[in-house]
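Bear in mind these aren't lab numbers, they're just calculated from the coordinates by the rules spelled out. Everything quoted here is computed from the prediction, not taken from an experiment. Virtual Cβ from ideal backbone geometry, glycine too; neighbours counted across all protein chains shown.
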Amino acid sequence: MKTSRLLLMFLVLLALGLLLAGLDLLPSVCRAAQGEYRTTHNRGHGMIEKITLSDAEWRKRLTPHQYEVMRERGTERPFSAQCWNPHGKGTFVCAACGLPLFESGSKFDSGTGWPSFTAAMGGDRVRIARDTSHGMIREEVVCARCDSHLGHVFPDGPPPTGLRYCMNGVALDLRQVEKATFAAGCFWGVQAAFDATPGVLQTAAGYTGGHVKDPSYEQVCMHTTGHAEAVEVEFDRAKVSYKELLDLFWKIHDPRQVGGQGPDLGDNYRSEIFTHSPEQRKEAEASKAAQERPGMRPIVTAITTAEVFYPAEDYHQHYKSAACGLPRR
Ligand SMILES: [Zn+2]
């Protein structure tokens, strides 16, 4: 008797579960991701994709002096680096892996002979480690992507942070870095395509173009935020042009599809270019016009001015999943 009652309860619960699952109107991709990861709304550390090379590969990639400083935690002689002079404008990237680390706007002349900054760029690009070598307790600054030693940080810097990131100039390269932002359907595949492009220094998957502050993936999936899944690209202008990135953007999706990409339907999967300057807008519009073909459906890609970009949860960053089926032309 007791057993049959339990069985009945089990069957009722099972039926209820199936009914609720049937009412779940979330797109299949969202549902799969929720099931696999639950809802961990954390972001930050996953933005940076780790690089691990063998000792022999580091020796090949770096000059002997860079190897000594960056892989053996050495210190260069003061005033010896090209970039200790505070007048160079641009972005200082890790000399070992190219990750953008410091903007020239945060550089100041500390008089020490080492390039000094008040702050690192956002997104956990540097890691702080306790360094007890040479009989001192110091805060070591390490590149979050390749774990190379960069220098130390001290609490005696000027406003606004009061910090002095005292870097080895040989560990940094000054580059002209520009941002570009694209929406072309599911951001997993879009990010993988830009990550594989030479001259692209860093990418982030995220949400932009909507009206909800700091949205979660689940919110964006419900089509109520106005946000699109997008990828923010930081690129070295000397290595790859904005036009080349636009050419790739057209190639990796169908800009003629209305209301989504392939099976991924909804405004969050729309095709859109978010421009960061009047020059980018001009180039994007010309590039879009050049894609139009007589007799073919028109390009539906919107071109709008880039606003706040909200990085997606860590588990979406550099995901490289084949589950995201981009229609390729
Ligand atoms: Zn690095």
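What whole number of Å gives the distance from the Cα centroid of region 248-320 to the Cα centroid of region 48-120?
Spelled out, the Cα-based centre of one part sits 35 Å from the other.
Under a point spin-label approximation (7 Å from Cα along Cα-to-Cβ), what is the Lys251-Glu103 distance to one decimal in nm?
3.1
How high is the relative contact order of region 186-329, in percent, counting Cα pairs under 8 Å that sit 6 or more residues apart?
The normalised contact order for region 186-329 reaches 34 percent.
Among the lysines in region 176-316, how many pairs, 8 or more places apart or on different chains, have alpha carbons under 18 Å apart?
7
How would region 176-316 be classified by its alpha-carbon gyration tensor: rounded, prolate or oblate, with rounded meaning a/c under 1.5 and the a/b versus b/c comparison settling the rest?
It is oblate, given that a/c is not under 1.5 and a/b is not larger than b/c.
Quick one: putting +1 on the C-beta of Lys and Arg, -1 on the C-beta of Asp and Glu, what dipole do you get for region 55-175 around its Cα centre, in Debye to the nearest 20?
Result for region 55-175 is approximately 200 debye, rounded to the nearest 20.
Counting Lys +1, Arg +1, Asp -1, Glu -1, what net charge surrounds His227 among other residues with beta carbon under 11 Å of its beta carbon?
Net local charge, His227 excluded: -3.
Apply the Karplus curve 6.51 cos²θ - 1.76 cosθ + 1.60, θ = phi - 60°, to the phi angles in region 97-105 and return the couplings in whole Hz, x for Gly and Pro.
10, x, 5, x, 10, 9, 8, 5, x
What full-extension length gain, to one decimal in nm, is calculated for Ala56 and Glu218 as 0.36 nm per residue of separation minus the Cα-Cα distance?
Once the chain is fully extended between Ala56 and Glu218, it gains 53.9 nm.
If I take R0 = 30 Å and measure r between the Cβ atoms of Val308 and Glu139 in this structure, what FRET efficiency does the formula 1/(1 + (r/R0)^6) give, to the nearest 0.05?
Efficiency computed from Cβ-Cβ geometry: 0.45.
Could you give the nm distance between label points at Lys282 and Thr63, where each point is 7 Å from its Cα heading toward the beta carbon?
Each label point is offset 7 Å from its Cα along the Cβ direction, giving 3.7 nm.
Calculate the spin-label point distance for Phe154 paired with Lys239, positioning each point 7 Å from the Cα along the beta-carbon direction, and give it in nanometres.
3.2
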